[in-house]
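The values are calculated or read from the model by the stated rules, or taken from the named source; none is laboratory data. These numbers come from a predicted model, not from an experiment. Virtual Cβ from ideal backbone geometry, glycine too; neighbours counted across all protein chains shown. Ligands, DNA and RNA are stripped out before the accessible areas are found, and what is left, the full protein with its side chains, is counted by its heavy atoms. Shrake-Rupley method; radii C 1.70, N 1.55, O 1.52, S 1.80 Å.
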Amino acid sequence: MLRIAKLALAALAVLLSQAGLAQDAYPSRPVRIVVPYQPGGSTYIIARSVSAKLTDSLGQTFLVENRPGASGNLALETVAKAPADGYTLLVGNVSTNAINETTFAHTLQIKPSRDFVGIAKLIEIPHIIAATANFPASNVAELVAAAKKDPGKINYASAGLGSYPHLDMERLQRAGDFKLTHIPYKGGAGQMIPALISGETPVAFLNLASTLPHVRSGRLKAIATTAPSRLPELPNVPTMAEQGFAGIGTNAWQGMFAPAATPKPVVDKLYRAVAAVLTNPEMKENLAKQMMSVELSKSPQEFTDLVRRETQTWADFLREAKIRIE
């Protein structure tokens, strides 16, 4: 029996050694980074920026794969059910990884707070209320007045049912006692922006990274910012607080995730590689030009804990507001 036990321990040691070597060698083949939206939005932009640098630093190709659909749930389920080996990752945001767990609790086949581990918080982005260039309202008060004049006649865009652009506009409607018609776009900003420019959905909460070039060109206009103070890029655009709606507008982040059972050495290696990418001065400057502020988490655990707290905060709000996605 003693001999058998010694042989078993030796075999286990070999297996653990091989596993350690495999993790040290990670990545040994291409890695895919799944994005829940079509190309064009901030989630796609940061995923592409980081993946290109990871390809250089880790010696394997990091491929961005767009999997839009079901308000980001298609991408969530794809990654959560993938092998937990570090070769399928997700770049998600507050909508997909903190809000969807509650709004789609009856249909979502996974539970993001349980089935994902955070690798790193990547960026935060200021938001605006964007409007079609010829939209008659130029501030929030005029938007409220126009909506009250013709209840439900003005459409607003979102990145999908339960996304933060949807919920932020719901909060604004409740605060201002008016009604708009919600038009969700499964492709995120990549679909929302053309709809705004054409006037199909003339107003929306959108991140400035996706909209600033269109505001500068005159194709869109900003009627409010959700930042705590006026933005240098839009000095003439008042904040939501200045316009009487303090606290409305989400602190939107983008982050990288892996399936929950991914080995810690792989998660830690990815974190170190991502941290090296995001702390590079040239990368930070390039992202800043696109209105993306690098907000790197101190560790994978810190980011995982942040997402779980925000998941609970959004769950409390959604229950209080009695918002449920059927």
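Between Ala105 and Arg174, what length comes free when the chain is fully extended (0.36 nm per residue of separation minus the Cα-Cα distance, one decimal in nm)?
Contour length minus Cα-Cα distance gives 22.5 nm.
Which semi-axes, in whole Å and largest first, does the equivalent ellipsoid of region 80-131 have when worked out from the alpha carbon gyration tensor as the square roots of 5 times its eigenvalues?
23, 17, 9
Order 140-151, 118-129 from most to least packed using the mean count of other Cβ atoms within 10 Å.
Ranking, from highest mean packing down: 118-129, 140-151.
In debye, nearest 20: dipole of the chain around its Cα centre with unit charges on the Cβ of K, R (+) and D, E (-)?
Here the size comes out at about 420 debye.
Taking the Cβ of Ser297 as the centre, find all other residues whose Cβ is under 14 Å away and add up their charges (Lys, Arg: +1; Asp, Glu: -1).
It works out to a net charge of -1.
Which whole-number percent gives the relative contact order of the chain, counting Cα pairs below 8 Å spaced six or more residues apart?
Value for the chain: 26 percent.
Using only Cα atoms, locate the centre of region 63-127 and the centre of region 275-292, then give the distance between them in Å, rounded to an integer.
23
Could you tell me what % of all Cα pairs in region 239-326 have separations over 18 Å?
Counting every Cα pair in region 239-326, those more than 18 Å apart make up 62 percent.
How far, in nm, would the chain grow between Lys148 and Asp305 when pulled straight, counting 0.36 nm per residue and subtracting the alpha carbon separation?
Contour length minus the Cα-Cα distance gives 52.4 nm.
Once you place label points 7 Å from the Cα toward the Cβ at Asn280 and Arg114, how far apart are they in nm?
Placing both labels 7 Å along Cα→Cβ, they lie 3.9 nm apart.
Assuming R0 = 25 Å, can you tell me the calculated FRET efficiency for the pair Gln312 and Asp268, based on Cβ-Cβ distance, to the nearest 0.05?
Using R0 = 25 Å, I get an efficiency of 0.45.
So what J values fall out for region 165-182 if you push phi through Karplus, 6.51 cos²θ - 1.76 cosθ + 1.60 with θ = phi - 60°, rounded to Hz, Gly and Pro as x?
Ordered by residue, 3J(HN,Hα) equals x, 5, 5, 5, 5, 4, 5, 5, 4, 5, 5, x, 6, 9, 9, 10, 9, 7 Hz.
Could you please report the charge total around Tyr37, scoring K, R as +1 and D, E as -1 over all other residues with beta-carbon less than 9 angstrom from its beta-carbon?
The answer is +2.
Quick one: net charge around Leu90, please, counting Lys, Arg +1 and Asp, Glu -1 for every other residue with C-beta under 12 Å from its C-beta.
Taking every other residue near Leu90 into account, the sum is 0.
Would you count, across region 245-326, every pair of lysines whose alpha carbons are under 22 angstrom apart, provided the pair is eight or more residues apart or spans two chains?
4
Of all DSSP beta bridges located in the chain, what percent are antiparallel, nearest 5?
Percent antiparallel among DSSP bridges in the chain is about 65.
Please list, ordered by chain and number, the residues whose modelled amide H lies under 5 Å from the amide H of Ser158; skip anything fewer than 5 residues away on the same chain.
Residues meeting the amide H criterion: Ile183, Tyr185.
Any idea what angle helix 300-321 forms with the longest principal axis of the chain, computed on alpha-carbon atoms, 0 to 90 degrees, nearest 10?
40
Most mobile of Leu208, Leu231, Leu296 per a Gaussian network model of the chain (Cα springs, under 10 Å)?
Most flexible of the set in this elastic network: Leu231.
With no solvent and one point on each alpha carbon, what is the Debye value of log10 I(q)/I(0) for region 175-326 at q = 0.13, 0.17, 0.20 Å⁻¹?
Here the Debye-derived log intensity ratios amount to -0.85, -1.31, -1.45.
Stretch Asn139-Gln60 to full length: gain in nm at 0.36 nm per residue minus the Cα-Cα span?
23.6 nm
Check region 70-187 and count each lysine pair with an alpha-carbon distance under 28 angstrom, considering only pairs eight or more places apart or from different chains.
11
Can you compute 3J(HN,Hα) from phi for each residue in region 287-295, using the Karplus curve 6.51 cos²θ - 1.76 cosθ + 1.60 with θ = phi - 60°, rounded to whole Hz and x for Gly and Pro?
Taking θ as phi minus 60°, the curve returns 5, 4, 5, 9, 6, 10, 9, 5, 10 Hz for region 287-295.
So how do 41-50, 104-113 stack up, highest first, on mean other-Cβ count within 10 Å?
Most protected by this proxy first, the peptides run 41-50, 104-113.
For the chain, which whole-number percentage of the solvent-accessible area (1.4 Å probe, protein heavy atoms only) is attributable to carbon and sulfur atoms?
C and S fraction of accessible area: 55 percent.
Which number do you get for Rg(Cα) / (2.2 N^0.38 Å) in region 102-171?
The value comes to 1.53.
Modelling each spin label as a point 7 Å along the Cα-to-Cβ direction, I'd like the Ser198/Asp24 distance in nm, to one decimal.
Output for this residue pair reads 5.6 nm.
By how many degrees, 0 to 90 and rounded to 10, does the Cα axis of helix 42-58 deviate from the longest principal axis of the chain?
It is inclined by approximately 30 degrees.
Taking the chain as the reference, fit the longest principal axis to its C-alpha atoms, fit the long axis of helix 189-198 to the helix C-alpha atoms, and give the angle between the two in degrees, 0 to 90, nearest 10.
Result, in degrees: 20.
Magnitude of the Cβ-charge dipole of region 102-201, K/R +1 and D/E -1, about the Cα centre, nearest 20 debye?
Its charge dipole is roughly 220 debye.
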